[in-house]
Amino acid sequence: MPNNKFRKKKNNVQLKNRGGNLHDSSKTAVILLAPGLIIMSFVILYPLLRAFILSFYNRELTKPNQNSFVLFENFQRLLHDDTFWTTVKNTFTFTLTTVFISVIIALVIAIALDQLPKKFSGLRGLILIPWVIPGIVVGFLFLYMFDYDVGIINFFLQRLGVIEEYVPWLMDGNLAMIAIIVAHVWNQIPFHTLMIAAGLKTVPRDLQEAAFAEGANRWQEFWHVTLPNIKGILVISSLLMLIRNFNNFPIIFTMTGGGPGESTLTSVLHIYKLAFEKFQLSYASAVGMIWVVVLLVMSIVYIRLLQKEY
Amino acid sequence: MSKVKSVCLLTLLVGLVLMLVACSAGETSSESNQIELEFVNWATAEKATEEKINKVIDAFESENPNIKIKPVTVPFSEIQNQLTVMSNGGNAPDIAQVDASTGVSLAAMGVLQPVDDLLSQDYESDLISSYYDTGLYEDKHYLVPWTGGINGFWYNKKIMKEAGLDPNKPPKTMVELDSAMEAVKKLPDVIPLQFDTSPRAFAATFQWSFMATIDKIPFDNENVQVDELTKYGEWLRKLVEKEYTLPGKKLGEFRPLAAQNRLAFAFDAPLFKGTVQSFDDAITDEVFNETWGVTTLPAGEDGKSYSAIGGSDHFTAVFEDSEHKKEAVKFLEFLANSDVALEEYVMPMGNLPVTSSAAERFPELKESPHMKVFLNDILPTAIVPPFGADYADMATTFATQMQELITTKTSIQEILDQIQKDLDTVTADNE
């Protein structure tokens, strides 16, 4: 009995201490996190909140006296704005195509790199080059490559007999979209390659060997063993790049500025033009809010997928 | 011993700190009388102008030792959004170089200071009124003219000769221009005409002269008449279909072609000469004058031609938040009208001066074959687009949608009607 009593008391003290420690440590955590959180909320939440409020006004920079509350007028206008719907179509076309093509090519490259002997491991570093080049530089590189008059693409295609006459890549709606997708694919392949290459390292070798031992060919082994094991990486890297491409600005801005006409005008470029070329701050905020919702949904999906076990 | 060492070290450290404090205090007191003016501009961003403008700034600083100019370099294509962000974010510079559209937009935002009461009487009365009035917004002048850049029609005499045209008879009408472009197009690697069809407000200002000459202006402060621009629309579509120009290019992107002798006709400012020469040292004044001539834009059906101010003319502006407005204006007058500025920057770059007295002080201006034409023939054809609170919005919409006209087969009238509808929405918002 006394032993039990003693044990009980001891447990209580331990619990108390643990509770006290927990309380103390969470307090410390709050104190340590506070400065960062305050700065983050000021830098991220304040502009977001300001844009949200602005979207209910009719503020235009060149009309400082005009600043009345218009409730949902900007959102109603948006529903009937042809340009907005064009940018929705362009953004989805550009984003989905870019990510899909990048992932496929990256998958091939990553598998090829995985098969290479160790002495070629330096190639992984080389393949990163397009990824580390700033977007604005990539934009200018491809602007000149696709140039009608002096571009190397036209030069080579003509020499190879693919085209008879030079093609105005950046001045044809469909071709301009292809050109900006090519530039982005080139820029983003390294990211996917790196992610997939890391994923391939986690595929159990014994499973692969067992598949071959069972008589599977290379394709069957890839489809039934490798692919299921890197599925998580593929989903996460694709979603990450989907989110990034929704916000992609410098390459498109440099190469086409959204043109010709509105054929490569994506959401982020549209918002920029509305705010800084047409000075329609409130309407730009309303359009921005719609995209915030879209991206928020995608981010939630991304976080859920990160937590999921594959 | 170690104690002595520590005391010595401590004394040395304290002495050093005191000395530094004293020095910095001395600097502060000597610098406290000096005013620093932040000058946002693209002149220092471009190779062709950087060295020249720095010489002018140095000259101003030695004449005014209490004023220091701090140039902030921003490329031309970024000037509008950078100044919009800076001034609306409470971080406006003292002064900035602007084009007319950006300048008047900033005036409409309420971030610029009217200069009517700041400019010296001598300078104000000396200014050529068509330049000065371009910066007029709600009856106040907000822009200080710096360099005159009205566009003239440049023709490459060597290419014309090669194409079997008389190099001394540039096209006088739009019909003649079309025939000349057809002849020139037969030459390999030659682009017949420099024409800005980029999706930006500047392109609309550039096209303004062609619209006024061929058809009519697309809008003014009261009316939008884009749906009546069929004649211009047809001409523009033909220009691209027949490959007489490079679609989607900005005005400046044609200038290297001019330096390579691959451009037959250009509609550009007097600075075309200086810029072309900056690409190749071999293009001396003599070579340039032998190659290029300049005249008014070929006339339309009514026999008249126009040239819109505001495209390549450069202005400066003083910001409302500047604490040194008087000093700022002093510098701006110096930039535009001092002998140093005219000799080192305005004239060598091939710009037109913006004051009447400049031509009297520098008679060589009137002797220069190109300047003579600009001053006597082209300047009188000047028209001013309706710069104002909505101009940037309307001009950007117009230029963007005119790209549809040159890149699709959609009916011209359908495109013009769509632009009309969009611009009507902008003007309706004001009612």
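The values are calculated or read from the model by the stated rules, or taken from the named source; none is laboratory data. Here the structure is a predicted model, which means the values were calculated and not measured. Because the Cβ atoms are built from the backbone with ideal geometry, glycine has one as well, and the counts that use them run over all protein chains shown. SASA here: full protein model, heavy atoms, side chains in, ligands and nucleic acids out. Shrake-Rupley method; radii C 1.70, N 1.55, O 1.52, S 1.80 Å.
If you check B:85, B:111 for being open to solvent by 70 Å² or more (accessible area, probe 1.4 Å), within 14 Å of chain A (Cβ to nearest Cβ), more than 15 Å from residue B:333 (Cα to Cα) and over 19 Å from the mean Cα position of the chain (by Cα), only one passes: B:85. Taking the stated definitions as given, is residue A:251 more than 14 Å from chain B (Cβ to nearest Cβ), open to solvent by less than 40 Å² (accessible area, probe 1.4 Å) and at pLDDT 95 or above? So residue A:251 fits the description; yes. In the stretch A:48-62, is there at least one residue being among the charged types (D, E, K, R), assigned to a loop (DSSP other than H, G, I, E, B) and over 30 Å from the mean Cα position of the chain (by Cα)? Within the stretch A:48-62, one or more residues are among the charged types (D, E, K, R), assigned to a loop (DSSP other than H, G, I, E, B) and over 30 Å from the mean Cα position of the chain (by Cα). Scanning the stretch A:22-42 for residues that are surrounded by 10 or more Cβ atoms within 10 Å (Cβ to Cβ) and either of a type in the set (Val, Ile, Thr) or under 29 Å from residue A:285 (Cβ atoms) (or both) gives A:28, A:30, A:37, A:38, A:39, A:40, A:41, A:42.
Yes/no per residue for (1) under 21 Å from the mean Cα position of the chain (by Cα); (2) at pLDDT below 95; (3) hydrophobic (A, V, I, L, M, F, W, C):
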{"site": "A:118", "(1), (2), (3)": "no, yes, no"}
{"site": "A:123", "(1), (2), (3)": "no, yes, yes"}
{"site": "A:126", "(1), (2), (3)": "no, yes, yes"}
{"site": "A:129", "(1), (2), (3)": "yes, yes, yes"}
{"site": "A:149", "(1), (2), (3)": "no, yes, no"}
{"site": "A:153", "(1), (2), (3)": "no, no, yes"}
{"site": "A:165", "(1), (2), (3)": "no, yes, no"}
{"site": "A:168", "(1), (2), (3)": "no, yes, no"}
{"site": "A:174", "(1), (2), (3)": "no, yes, no"}
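Answer yes or no: is there a residue in the stretch B:290-304 that is touching a Pro at 6+ places or on another chain (Cβ under 6 Å), assigned by TED's automatic domain parsing to the domain that holds residue B:212 and not in a helix (DSSP H, G or I). Yes: the stretch B:290-304 contains one or more residues that are touching a Pro at 6+ places or on another chain (Cβ under 6 Å), assigned by TED's automatic domain parsing to the domain that holds residue B:212 and not in a helix (DSSP H, G or I).
The helices (runs of 4 or more DSSP H) found entirely in the stretch A:98-215 that carry 2 or more residues being more than 25 Å from residue B:198 (Cβ to Cβ) are A:122-126, A:129-132, A:152-159, A:173-201, A:205-213. Tell me which residues, restricted to the stretch B:39-50, are of a type in the set (Val, Ile, Thr) and in a strand (DSSP E or B). The answer is B:40, and nothing else.
Could you list, in sequence order, all residues of the stretch A:52-67 that are within 14 Å of another protein chain (Cβ to nearest Cβ) and either open to solvent by less than 100 Å² (accessible area, probe 1.4 Å) or at pLDDT 90 or above (or both)? Within the stretch A:52-67, A:54, A:57, A:58, A:59, A:60, A:61, A:62, A:63, A:64, A:66, A:67 qualify. A residue that is within 23 Å of the chain's Cα centre (by Cα), open to solvent by 40 Å² or more (accessible area, probe 1.4 Å) and under 30 Å from residue A:255 (Cα atoms) cannot be found anywhere in the stretch A:68-79.
Which one is nearest to the other protein chains (Cβ to nearest Cβ), of the residues in the stretch B:88-100 that are in contact (Cβ under 8 Å) with a residue 12 or more places away in the chain and open to solvent by 10 Å² or more (accessible area, probe 1.4 Å)?
Out of the qualifying residues, it is B:88.
For the stretch B:304-333, which positions are farther than 28 Å from residue B:274 by Cβ and out of contact with any Ser or Thr (no Cβ under 8 Å at 6 or more places or on another chain)?
Keep residues of the stretch B:304-333 that are farther than 28 Å from residue B:274 by Cβ, which gives B:304, B:319-327.
Across the stretch B:304-333, the qualifying residues are B:320, B:322, B:323, B:324, B:325, B:326, B:327.
Applying the criterion of at least 1 residues that are among the charged types (D, E, K, R) to the helices (runs of 4 or more DSSP H) found wholly in the stretch B:88-148 leaves B:121-126. Entry remark, the stretch A:132-154: residues being crowded, with 19+ Cβ neighbours inside 10 Å and among the charged types (D, E, K, R) number 1 in total.
Quick check on residue B:240: is it of a type in the set (Val, Ile, Thr), part of a helix (DSSP H, G or I) and more than 30 Å from residue A:169 (Cα to Cα)?
On the way: of a type in the set (Val, Ile, Thr): yes; part of a helix (DSSP H, G or I): yes; more than 30 Å from residue A:169 (Cα to Cα): no.
Considered against the rule, which asks whether it is of a type in the set (Val, Ile, Thr), part of a helix (DSSP H, G or I) and more than 30 Å from residue A:169 (Cα to Cα), residue B:240 comes out as no.
The set of residues in the stretch A:155-164 being touching a helix residue (DSSP H, G or I) at 6+ places or on another chain (Cβ under 8 Å) and open to solvent by 60 Å² or more (accessible area, probe 1.4 Å) consists of A:164 alone. The set of residues in the stretch A:269-301 being within 14 Å of chain B (Cβ to nearest Cβ), modelled with pLDDT under 95 and either farther than 17 Å from residue A:62 by Cα or part of a loop (DSSP other than H, G, I, E, B) (or both) consists of A:277, A:278, A:279, A:280.
Within the stretch B:169-180, is there a residue that is modelled with pLDDT of 95 or more, hydroxyl-bearing (Ser, Thr, Tyr), open to solvent by 30 Å² or more (accessible area, probe 1.4 Å) and more than 20 Å from residue B:247 (Cβ to Cβ)? Give the steps one after another, and end with the answer.
First, pick out the residues of the stretch B:169-180 that are modelled with pLDDT of 95 or more: B:169-180.
Next cut, hydroxyl-bearing (Ser, Thr, Tyr) only: B:173, B:179.
Within this subset, residues satisfying the condition of being open to solvent by 30 Å² or more (accessible area, probe 1.4 Å) are B:173, B:179.
Then keep just the ones that are more than 20 Å from residue B:247 (Cβ to Cβ); that gives B:173, B:179.
Yes - at least one qualifying residue is present in the stretch B:169-180.
Scanning the stretch B:184-213 for residues that are assigned to a helix (DSSP H, G or I) and open to solvent by 20 Å² or more (accessible area, probe 1.4 Å), which turns out nearest to the other protein chains (Cβ to nearest Cβ)? Checked the stretch B:184-213; the qualifying residue nearest to the other protein chains (Cβ to nearest Cβ) is B:202.
Each residue in the stretch B:51-82 was checked for being of a type in the set (S, T, N, Q), part of a helix (DSSP H, G or I) and open to solvent by 60 Å² or more (accessible area, probe 1.4 Å), and 3 of them qualify.
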